[in-house]
Amino acid sequence: MVVLVNRAKMTTSTTGTGTITLGSATSGFQTFAAAGVSNGNSIRYVIEDGNAWEIGSGTYTSSGTTLSRSPSQSSGGGGAITLSGSAVVFVSAIASDIQTTLASLGLSASATELNYVDGVTSAIQTQLNTKASTGKSIAMAMVFG
């Protein structure tokens, strides 16, 4: 399972399609390590480089502060985008992370509902109310980056 943390967004001067060397935290955010990512953790990442973007999972290495890349979606047809040297990378949940969390609680949300935060909130609230009416207690927190 991937590690999710709050408000971790960093610059990278890496070029090309390989492993990213992370720079500094962008203004108003924290480094991956400061947010709680540990050496060897698998994280879900988003890279933005101008109009190009990539979503994937990778392994964080604290020595050299690097992140491997295994893209699952991108503006480049699903593969790794070619970085220009001025990209940002941040930790973020994706729809399947939320669906897995919901399923572990015996809840669900449709793909359409996951496209809209209000829809997710509404779907979760309806199902939580149903669970609560059976006398079960549920506590859940979700973070959107």
Can you tell me the FRET efficiency between THR31 and ALA52 if r is taken as the Cβ-Cβ distance and R0 is 25 Å, rounded to the nearest 0.05? 0.60
Roughly how compact is segment 9-91, stated as its Cα Rg over 2.2 N^0.38 Å to two decimals? 0.97
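May I ask for the net charge around GLN30, where only other residues with Cβ less than 15 Å from the Cβ of GLN30 are counted and Lys, Arg are +1 while Asp, Glu are -1? Write out the running numbers ahead of the final one.
On the way: positive: ARG7, LYS9; negative: none.
Charge balance in the 15 Å sphere: +2.
Extension gain SER24-SER62, at 0.36 nm per residue separation less the Cα-Cα distance, in nm? Don't skip to the answer; put the middle values down first.
On the way: separation 38, 0.36 × 38 = 13.68 nm, distance 1.32 nm.
Gain on stretching SER24 to SER62: 12.4 nm.
A short reminder: the numbers here are calculations on the coordinates, not readings from a lab. The structure presented is a predicted model; accordingly, all values stated were derived computationally and were not measured. Reconstructed Cβ throughout: ideal geometry from the backbone, glycine too, with neighbour counts over all protein chains shown.
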